[in-house]
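> My questions all concern the structure below.
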Amino acid sequence: MGNALVKKEPPPPVVLVPPLFDFPPLSARTRMLESSYNLLFGKLALKCLFEDYFEEANNFSAKFLLKPIDDPHVDLVASVRGAVDGRADGDFVGNAEFRWQSDVDDPHTFVDLSVSTSNPVLQMRSSAYYPKYGIGAFAVYPLISKKTGNLSEEYRIMGLRYGSTNLSLGATVTPFTADNELPKQAWLVSKMGRFTVGVQYEPIHGSEDLAKYTDLRNWSCAAGYGVGSQSPLSPSFNIGIELARSSLFIASFYQHIVVQRRVKNPFEENQVVGITNYIDLGFELQSRVDDSNTPHSAPDSLLQMAASWQANKNFLLKGKVGAHSSTLSLAFKSWWKPSFAFNISATTNHRTGNVECGFGLRVDNIREASYQRADPNFVMLTPNKEHLAEGIVWKMGKRPMYQSDVDAENFSELPKELRPSQKIL
């Protein structure tokens, strides 16, 4: 009996959890310089869905995101874009940004220096944020310009902001201009449960201060309803409506879906039974309600829809449809160090039927994959909630994550960049 063979139990099933192509998004690195009103209500997510990996017809772009091994507090982002045939004069644009960040895991306190082939040629931006008090200050100032005597006011700003779990407010001024308006921009956003409301003031119309404050064309207001968290590991649903400057009505919708599907991959182990997919859907409608200041050639309404599907860690398929054109994009990403991504976009002009392509290339060692596969005991989520194993734990690298924590939105064990923000910044 002692020599009886002990039957070895087969390994439990595994569900792959691939990293997202671009998370956190690059635009989130400088969100402290932007009004919260321009980022909430699903606006940031929609911007990424409608723009990332979509190249203009007959154009190419290349972006390099690099940081030294010895100092993770600094990095360099350089980009170039232009026409594929290179025959369009003045179409070639290049930018480079050198950045120092105080905390590696917190992008809200930083100083960067950017150079560009456009105006301004050399610009400095800085932000300081104190999370204990929710207070932040930021400034943008051009150092060298092609036209030093006629710089646009948008490049010379200073601002203060405050953010808490349910409130964000802030204002910017232009102290280095002769016509210093107080404020140049101001916003107030409040969150009440699943509802978010906000208002923003930007004085463009009117000549006197009192007239500017009472002119409704200088005011915008928005309301939104959102379900879910900002973490990419859980689904979310957002609806927003906005009345911009009393002349433009905007309705938008964004949904992030996290699903698991069964898979049989000959390049994986036999116990791999499923993979996590990320699906994003977006819709935006803009309709003019006041045509008094609108050129006759401008359309009364604009509509665009987009969808993306990340099938695994290497392939991303995106498509968007507008009134004048439709674009389909396929991206491939290799998670080497640095990572390498190539995408090709095909744009169809609805009026002429012509199809033109655009190409993009990205090299990135700033953002790393934080999770790649689930723990062997991960629960396979199917429409009928079928369990493939009794355990319910995710494992991202060396970090355990329980499914019950995901459902309860308890993300304390996640890497910091994957946790949803606890404040309206």
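The values are calculated or read from the model by the stated rules, or taken from the named source; none is laboratory data. Computed from a predicted model, the values in this text were never measured in an experiment. Please note: Cβ atoms are built from the backbone with ideal geometry, for glycine as well, and neighbour counts cover all protein chains shown. Ligands, DNA and RNA are stripped out before the accessible areas are found, and what is left, the full protein with its side chains, is counted by its heavy atoms. Shrake-Rupley method; radii C 1.70, N 1.55, O 1.52, S 1.80 Å.
> Kindly indicate which of Leu285, Leu281, Leu302 is within 24 Å of Phe41 (Cα to Cα), in contact with a strand residue (DSSP E or B) (Cβ under 7 Å, 6 or more places away or on another chain) and modelled with pLDDT under 90.
Leu302
> Could I ask something else about it? Take Phe253 and tell me if it is within 28 Å of Pro19 (Cα to Cα), at pLDDT 85 or above and surrounded by 16 or more Cβ atoms within 10 Å (Cβ to Cβ).
Considered against the rule, which asks whether it is within 28 Å of Pro19 (Cα to Cα), at pLDDT 85 or above and surrounded by 16 or more Cβ atoms within 10 Å (Cβ to Cβ), Phe253 comes out as yes.
> Then there's this: Out of (1) within 21 Å of the chain's Cα centre (by Cα); (2) open to solvent by less than 40 Å² (accessible area, probe 1.4 Å); (3) modelled with pLDDT of 80 or more, what's the single condition that is false for Pro203?
Of (1) within 21 Å of the chain's Cα centre (by Cα); (2) open to solvent by less than 40 Å² (accessible area, probe 1.4 Å); (3) modelled with pLDDT of 80 or more, only one is false for Pro203: (1).
> Now a separate question. Take the residues of the stretch 240-249 that are free of Cβ contacts under 8 Å to residues at least 60 places away in the same chain and either closer than 21 Å to Pro25 by Cβ or open to solvent by 50 Å² or more (accessible area, probe 1.4 Å) (or both): which is farthest from the chain's Cα centre (by Cα)?
Taking the candidates together, the pick is Arg245.
> Can you name the residue in the stretch 69-88 that is modelled with pLDDT under 85 and touching a Gly at 6+ places or on another chain (Cβ under 9 Å) and, of all such residues, is nearest to Arg362 (Cα to Cα)?
Val84
> Name the pairs whose Cβ atoms lie under 8 Å apart, with the first residue in the stretch 129-156 and modelled with pLDDT under 65, the second open to solvent by less than 50 Å² (accessible area, probe 1.4 Å) and not in a strand (DSSP E or B), and 6 or more positions between them or separate chains?
Leu151/Pro120; Leu151/Ser145; Glu153/Thr174; Glu153/Thr177
> Restrict the check to the stretch 376-386 and report whether at least one residue is at positive phi, surrounded by fewer than 15 Cβ atoms within 10 Å (Cβ to Cβ) and at pLDDT below 60.
Yes, that holds for at least one residue.
> Regarding the stretch 1-17, can at least one residue be identified that is open to solvent by 40 Å² or more (accessible area, probe 1.4 Å) and either of a type in the set (Val, Ile, Thr) or at pLDDT 85 or above (or both)?
Scanning the stretch 1-17 turns up at least one residue that is open to solvent by 40 Å² or more (accessible area, probe 1.4 Å) and either of a type in the set (Val, Ile, Thr) or at pLDDT 85 or above (or both).
> Which residue is modelled with the highest pLDDT, if the candidates are limited to the stretch 157-198 and must be assigned to a loop (DSSP other than H, G, I, E, B) and open to solvent by less than 40 Å² (accessible area, probe 1.4 Å)? Quick ask: steps written out before the conclusion?
Looking only at the stretch 157-198, we keep the residues that are assigned to a loop (DSSP other than H, G, I, E, B), and these are 164-166, 174-184, 193-194.
Right, trim to open to solvent by less than 40 Å² (accessible area, probe 1.4 Å) and you get 164, 174, 177, 181, 183.
Details: Ser164: 89, Thr174: 84, Thr177: 68, Glu181: 69, Pro183: 83.
The qualifying residue modelled with the highest pLDDT is Ser164.
> Looking at (1) more than 27 Å from Leu160 (Cβ to Cβ); (2) touching a helix residue (DSSP H, G or I) at 6+ places or on another chain (Cβ under 6 Å), which is the one condition that is false for Gly82?
(2)
> For Phe41, all conditions in the list (1) under 30 Å from Ser190 (Cβ atoms); (2) surrounded by fewer than 19 Cβ atoms within 10 Å (Cβ to Cβ); (3) within 18 Å of the chain's Cα centre (by Cα) hold save one; what is the number of the exception?
With (1) under 30 Å from Ser190 (Cβ atoms); (2) surrounded by fewer than 19 Cβ atoms within 10 Å (Cβ to Cβ); (3) within 18 Å of the chain's Cα centre (by Cα) applied to Phe41, the lone miss is (2).
> Looking at the stretch 62-115, which of its residues are touching an Asp or Glu at 6+ places or on another chain (Cβ under 8 Å), β-branched (Val, Ile, Thr) and within 20 Å of Pro338 (Cβ to Cβ)?
Val77
> Name the single residue, out of those in the stretch 100-144 being hydroxyl-bearing (Ser, Thr, Tyr) and open to solvent by less than 40 Å² (accessible area, probe 1.4 Å), that is farthest from the chain's Cα centre (by Cα).
Taking the candidates together, the pick is Ser116.
> Quick one: would you say Ala222 is touching a helix residue (DSSP H, G or I) at 6+ places or on another chain (Cβ under 9 Å), crowded, with 16+ Cβ neighbours inside 10 Å, at pLDDT 85 or above and under 22 Å from Gly163 (Cα atoms)?
yes
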